[in-house]
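First the structure, in the form of structure tokens, and then the observations on it.
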Amino acid sequence: MPREDLQFRVYYNLGPLWVYAGDVNLKTDTITYNHRKCVHLVATGRSLKKYAFIFKLKDYYQSVTAIKGFKPLFYEKKTLEGGFYIHNIYHFHWDSLNVNVHTEATRHAPKDTLLTLNKSFRDVLSATYYLRITNTSALKVGDTLAIPLIVDGKKQTYYIIYAGKGQMVHNKKRIACDVYKAVITSSTFFSDTDPLVVYVTADKHRFPIYVQANIIVGSVKVFMLPYLDFRPKFKSRKR
């Protein structure tokens, strides 16, 4: 697996209003973990300092996933969003089909639980990478991928719909992509219409160059640099 250091720019968009809100970094490398050759995924995100008084965001995620079988072995989530803190640590034991889960948060005391693994459960970060390496040649438009996840210490299944081929345009160059849409139900944050759309380049790199999260008011749009060095055409008036 190639070593990567991917940079992303995050905007909030509402009609003609565009706000450069933050940055995301995704690093990938290979390591040896418990005598296994693994891929180490690290994702970090931060909001811009000038918006910290409105909503401060500082996120850190890491996942250690065995290359053989692509099963997660270790996962950590440490986030500070809007003054609320979450820290989760998972240790996966596939020989005994269980996972040790440690969770703590601003409004919840530290808790340790043992969950059974009766499916190919993943953490959020390894699931994101798995989407990139999924072979789309046998997929048809409308096919649904079921992805069992452990999210904040709870087992859940999320569904991703393959929406077919699409294109992104940058500097008059068309970039062929595979398009995915997430199914998110009973959310107070995401819109009911195409809540999450992801464009992955249809080449050997499989870069996630564009993500659009349609929320209740407006949308959050994420552009990968330098593939899509997007600059909004419309800017809000300065006061």
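Annotation: of all residues in segment 194-223 being among the basic types (Lys, Arg) and within 16 Å of the chain's Cα centre (by Cα), the one that is surrounded by the most Cβ atoms within 10 Å (Cβ to Cβ) is 221. Restricting attention to segment 79-92 and to residues that are among the aromatic types (Phe, Trp, Tyr) and free of Cβ contacts under 8 Å to residues at least 60 places away in the same chain, the residue that is nearest to residue 156 (Cα to Cα) turns out to be 92.
Cβ separations smaller than 6 Å between residues 6+ apart or across chains give the following pairs from segment 93-111 residues that are assigned to a strand (DSSP E or B) to residues that are small (Gly, Ala, Ser): 101/153; 103/153. Screening the candidates 71, 111 for the property of being of a type outside the set (A, V, I, L, M, F, W, C) and within 18 Å of the chain's Cα centre (by Cα) yields one hit, 71. Residues in segment 119-138 include at least one that is on the phi < 0 side of the Ramachandran plot, in a strand (DSSP E or B) and either surrounded by 11 or more Cβ atoms within 10 Å (Cβ to Cβ) or of a type outside the set (Asp, Glu) (or both). Screening residue 21 with (1) surrounded by fewer than 16 Cβ atoms within 10 Å (Cβ to Cβ); (2) modelled with pLDDT under 95; (3) among the hydrophobic types (A, V, I, L, M, F, W, C) gives one miss only, at (1). Taking the criterion of being polar (S, T, N, Q) and modelled with pLDDT under 90, the residues of segment 116-127 that qualify are 118, 120. All of 87, 91 fail the test of being modelled with pLDDT of 95 or more, surrounded by 13 or more Cβ atoms within 10 Å (Cβ to Cβ) and over 20 Å from residue 37 (Cα atoms), apart from 87. Scanning segment 152-165 for residues that are touching a Lys or Arg at 6+ places or on another chain (Cβ under 9 Å) and assigned to a strand (DSSP E or B), we see that the one that is nearest to residue 182 (Cα to Cα) is 160. Filtered by the rule that a residue be in contact with a His (Cβ under 8 Å, 6 or more places away or on another chain) and either loosely packed, with under 15 Cβ neighbours inside 10 Å or at positive phi (or both), segment 96-112 gives 100, 110, 111, 112. Among the residues of segment 129-147, the ones that are touching a Gly at 6+ places or on another chain (Cβ under 9 Å) and of a type in the set (Phe, Trp, Tyr) come to 0 in all. Report, by residue number, each residue of segment 63-75 that is more than 14 Å from residue 30 (Cβ to Cβ), buried (at least 16 other Cβ atoms within 10 Å of the Cβ) and of a type outside the set (Ser, Thr, Tyr). Once the filter is applied, which keeps residues that are more than 14 Å from residue 30 (Cβ to Cβ), buried (at least 16 other Cβ atoms within 10 Å of the Cβ) and of a type outside the set (Ser, Thr, Tyr), segment 63-75 yields 71, 72, 74.
When segment 72-92 is examined, which residues are found to be over 16 Å from residue 120 (Cα atoms) and assigned to a strand (DSSP E or B)?
76, 77, 78, 79, 80, 81, 84, 85, 86, 87, 88, 89, listed by residue number.
Selection of segment 167-185 for residues being over 20 Å from the mean Cα position of the chain (by Cα) and either at pLDDT 90 or above or acidic (Asp, Glu) (or both) yields 167, 174, 175, 176.
The values are calculated or read from the model by the stated rules, or taken from the named source; none is laboratory data. From a predicted model like this one, the values you see are computed outputs, not experimental measurements. We place every Cβ from the backbone using ideal geometry, glycine too, and count neighbours over all the protein chains shown.
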